[in-house]
Structures are given as structure tokens and as C-alpha cells.
């Protein structure tokens, strides 16, 4: 059964009736093993509830359970959709972006535009303040860690949020095929869009007139740092433009031994 994203009602105890069949968090299509939270009973309850409710309600319930949660974003398609939905669900907290020093000018311009559009949110930009040593060309893993992962980890260590709201979805990368609606950890990761395809995200963005990165329509379907991102060619995976000519597919923020 498909679940809607366009449902403003907060209905935690019942399955929401779909209003937009193109956007769903599907219980019938999800078959992953959910990692329990520290409290197994809570984890089991959330598993059933989150798999059988709208994306909007997932966010609303997360806000009730973890009111100090934060959004982390690089302002890709998923991130913009998540921000829009979070605001509709009542989120009024921080949106944390890590400026590595290598982002496209278009990405920084979008960040500034989103700050104006969603003025009720607190946009926070972190920066490692490192010199341009072109380490991305010789050791991209270290570059990602020093410029992206470490600044965010240091910030989270100070803020101590209970949970992070993430825009990741299962078809966004090979490493995310088994992505779960929530993931145990400190902080907990909440993935309301886990079961939505890129086509569904695009349809939602178009329907609601969301502002996207200007590079997106030029084939940059997954946008990271400029030196390590190219446009995706016809027939390629959405993430094929990230770290081209390398086996690397993740920055390490969500996947690997140094992940959050």
C-alpha cells in the first residue's frame, strides 16, 4: 500500500489514506531488518508505525520523540524535499550544512535562497577552514574526513542532538539499498524518504514548486564538491557522477568505519 507525503494531518495511530500515490513510505515493499533502538519495545513499535504511515507523519512523530533533532543537508534534491516536508510537519530547528571549501557556487547560492524561503529555520554553515591543498586528487577519503565528516562530528559532539533527520533514500546509492526508516545510534538517524524514488522526489518538487540546484537540470543528479562531481550521462546511475574514475561512492558520513 502506498503512503502519501502530502498529508498535513498528524495521525500516529492509524494508516493514513493516500492523497498523492506518487509519494510513499511503503510497508509492503520494505523488507529490511530494522535495528532496534536502545529500548527494544520502542523500536518494535516504531518499526510498524513508521512503515505504515505517511512521510509527513514520520517526521511529526520523530519531532515528538526527539524534539532536539537536527537536519543535515547538502541541498540535493532529497535534501530540499526533506526541508520542505519538515517545515510542513512543524520543524523549526537547525539545518546544518558543511562547507568543504570546494562546493559549487550554485550550491552555495541555493543555500542562501533556501534561507530566505524557509526563514523559520536556522541554517548553520560549518567550515573546516583548511587551505586548498588539493588532497581530493591524491587521498579523497582523507579529504572528505577532514573537510566534511570531522567538522560535523565536532559540531554534533557539542550540540548532542538525540536524532538526525536525513534525506537519504534506498535508490540513492548501492550502499543504501537496505536503508531503514530509522537507524539505531547516537544520534539516531531518521530517514523519512527511505522508500521514495528519484522520480517521486522530482514529481513532488515540481508539484510544490521547490527551488532546486541549478546544476540539477544540467545532469548533476547527485551534487557534492566541484572537483569530485560531474554530470551523469544517460543511462548511468544517479550517483555515477560522484568521484568519477574511482571506486569511492560515499563521502563516509553515513557509510564506513568513520560514519556518524
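Read-outs throughout are calculated quantities, based only on the coordinates presented, and are distinct from any laboratory measurement. Keep in mind it's a predicted model, so treat the numbers as computed, not measured. Heads up, the Cβs are rebuilt from the backbone with ideal geometry, glycines too, and the neighbour counts pull from every protein chain shown.
May I ask you to compute the full-extension gain from residue 87 to residue 120, defined as 0.36 nm times their residue separation minus their alpha-carbon distance, rounded to one decimal in nm?
11.1 nm
Percent antiparallel among DSSP beta bridges with both residues in segment 58-212, to the nearest 5?
Antiparallel: roughly 15 percent of the beta bridges in segment 58-212.
Quick check on the exposure proxy: order 246, 230 from fewest to most C-beta atoms within 10 angstrom.
246, 230
Could I have the simple spin-label model distance between residue 249 and residue 113, label points 7 Å from Cα toward Cβ, reported in nm to one decimal?
That separation, rounded to one decimal, is 3.0 nm.
Counting other beta carbons within 10 Å of each Cβ, put 260, 70 in order, fewest first.
Exposure proxy ranking, most exposed first: 260, 70.
Please arrange 108, 152, 114 by counting, for each residue, the other beta carbons lying within 10 Å of its beta carbon, fewest first.
Taking fewest neighbouring Cβ atoms as first place, the list is 108, 152, 114.
Computed FRET efficiency, Cβ-Cβ of residue 139 and residue 226, R0 30 Å: what is it to the nearest 0.05?
0.95
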